[in-house]
Amino acid sequence: MNLDFVLITHCSPTLADLKQASLLCLPRLAGGCTYDEVIEKYNHKYNDKGLYFRILYACPKRTLLYVYRPARVWAYVQRRDISSFLQQFGYQDCRDINALLDRLAARFAEDGCFPHESGIFLGYPLEDVCGFITNKGSHAKLCGEWKVYGDARAAARTFRRFTCCRQDYLNRFAVGTTLDSLIVA
């Protein structure tokens, strides 16, 4: 598997600093191997550009890789409405981004299922995250990068920006542009 290609295919808006984070579901590697070494390599190479990689959950079938821009994530979760929302899921004692992500990882491990507040960590609007929880994933106004329960027009514009970014990055990668040069610092 070419992880550079996977990142460009699924994380281009995060690589371009249009989005605070992305979450990848990677297949488990054969022979008991893990992604730890490659994640360490990516962190060493790209942290200076403000891009970080963290495994949030791993089981025998998959690994969830969080690709994120810590400063953007931290600024978002510090908003009063977002912070208040996260407190109901046990994030009240998180004093820094690492504690916050430790709690998110623990939430993934609790039931092995997807914690509903995960959308916040991906930069989804609070109204859409709450709408998803309330409606149990049904009755969305629009489905795209996420399920929209609030401002469908604004979300559609964002979806188009992300699609254009992804296509541009894929086109550039196809003609030899490296992942390193596609990551916006």
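The values are calculated or read from the model by the stated rules, or taken from the named source; none is laboratory data. All of these numbers come straight from a predicted model, not from anything done at the bench. A quick note on method: Cβ atoms are made from the backbone with ideal geometry, for glycine too, and the neighbour counts reach across all protein chains shown.
Here are some notes:
- Filter result for R153 (surrounded by 13 or more Cβ atoms within 10 Å (Cβ to Cβ), at pLDDT 95 or above and more than 30 Å from K61 (Cα to Cα)): no
- Restricted to helices (runs of 4 or more DSSP H) entirely inside region 62-118, those with at least 3 residues that are of a type outside the set (A, V, I, L, M, F, W, C) and over 14 Å from the mean Cα position of the chain (by Cα) are 80-87, 97-111.
- Top-ranked residue of region 36-46 - restricted to ones that are in contact with a helix residue (DSSP H, G or I) (Cβ under 9 Å, 6 or more places away or on another chain) and modelled with pLDDT of 95 or more, ranked as nearest to L26 (Cα to Cα): Y42
- For first residues located in region 156-185 and modelled with pLDDT under 95, partners that are in a helix (DSSP H, G or I) and lie 6+ apart or on another chain with Cβ distances below 6 Å form the pairs A185/K49.
Yes or no, residue by residue, for (1) of a type in the set (G, A, S); (2) closer than 18 Å to Q20 by Cβ; (3) in a helix (DSSP H, G or I):
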site: V129; (1), (2), (3): no, yes, yes
site: H139; (1), (2), (3): no, no, no
site: R153; (1), (2), (3): no, no, yes
site: F162; (1), (2), (3): no, yes, yes
site: R172; (1), (2), (3): no, no, yes
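- Residue match in region 11-25 (condition: of a type in the set (A, V, I, L, M), within 21 Å of S118 (Cβ to Cβ), touching a His at 6+ places or on another chain (Cβ under 9 Å) and without any contact (Cβ under 8 Å) to a residue 60 or more places away in the chain): yes
- Selection from region 72-95 of residues that are at pLDDT below 95 and either acidic (D, E) or at positive phi (or both): G90, D93
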